[in-house]
Amino acid sequence: MSSAHTPTDPHSVTVFVVDDDDGLCEGLCDLLESVGLRSARFGSAEDFIAHWREEMPGCLMLDARLPGMTGVEFQEKLIRLGVRMPVIFMTGHGDIPMVRKVMKAGAVEFLTKPFDKEEMLAAIRHAFALDSAQRIEQRELSAIQARLATLTPREFEVMGHVTAGALNKQIAGMLTLSEITVKLHRRRIFEKMRAGSLAELVKMTEKVRSSQLK
């Protein structure tokens, strides 16, 4: 990786170009930076993995036919690792089965070299927006999980019944508790979860449940 195209701020939004063609990488990074976009280039998937950190926002511009680990194999590895950075594929030798495979796996775009500048910039803007939305979603999920961790086992149990729509009297009967005790648990749950309504509490628990199914 050339230090000339390594962003000094790891938290800056960056286009990470992964291609073994030094000339193309140099020209592409120069073009990106000429329109105000930060870039960093890597000659292989392995090189990118060695430098990547979860807090680095942006998108990947990935050559589909890299030496060693191919771009398609790299995308599959990113998915296994849980890396959600948006991927834009680029290649001079694309074929329909490959395009279908990478798009089905979540690629943002598949650009054929030489590609149109405006088409590329549109794909990057879309990828940046997607990455930002995913990071906001992950921060919200992490905050909810942190609040869930503050609940006692009994509060967690009561919350399950509350979000299922059970009334305090019904919960008291199911858990052999007094209705007053259920009300106290319920109030603490709403306070700890910072939920202003039952609908908001249900939405939080659904968000966590959905993330566990992915």
Within the stretch 160-194, count every residue that is under 29 Å from Gly82 (Cα atoms) and aliphatic (A, V, I, L, M). 1
Among the helices (runs of 4 or more DSSP H) contained in the stretch 156-214, which hold 3 or more residues that are more than 28 Å from Gln134 (Cβ to Cβ)? 168-175, 179-193
Checking the structure you have, find out if any residue of the stretch 17-37 is within 17 Å of Met85 (Cα to Cα), touching a Lys or Arg at 6+ places or on another chain (Cβ under 6 Å), at pLDDT 85 or above and surrounded by 22 or more Cβ atoms within 10 Å (Cβ to Cβ). yes
Residues being within 19 Å of Ala195 (Cβ to Cβ) and either surrounded by 14 or more Cβ atoms within 10 Å (Cβ to Cβ) or not aliphatic (A, V, I, L, M) (or both): count how many of those fall in the stretch 128-152. 12
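One line per residue, one yes/no per condition, for (1) in contact (Cβ under 8 Å) with a residue 24 or more places away in the chain; (2) among the hydrophobic types (A, V, I, L, M, F, W, C):
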residue: Leu121; (1), (2): yes, yes
residue: Arg125; (1), (2): no, no
residue: Gln134; (1), (2): yes, no
residue: Leu148; (1), (2): yes, yes
residue: Phe156; (1), (2): no, yes
residue: Arg187; (1), (2): no, no
residue: Glu206; (1), (2): no, no
residue: Gln212; (1), (2): no, no
Filter the stretch 80-127 down to residues that are exposed (fewer than 13 other Cβ atoms within 10 Å of the Cβ) and not charged (D, E, K, R) and give me whichever is modelled with the lowest pLDDT. His93
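The values are calculated or read from the model by the stated rules, or taken from the named source; none is laboratory data. The model shown is predicted, which means the values in this text are computed figures rather than measured ones. Heads up, the Cβs are rebuilt from the backbone with ideal geometry, glycines too, and the neighbour counts pull from every protein chain shown.
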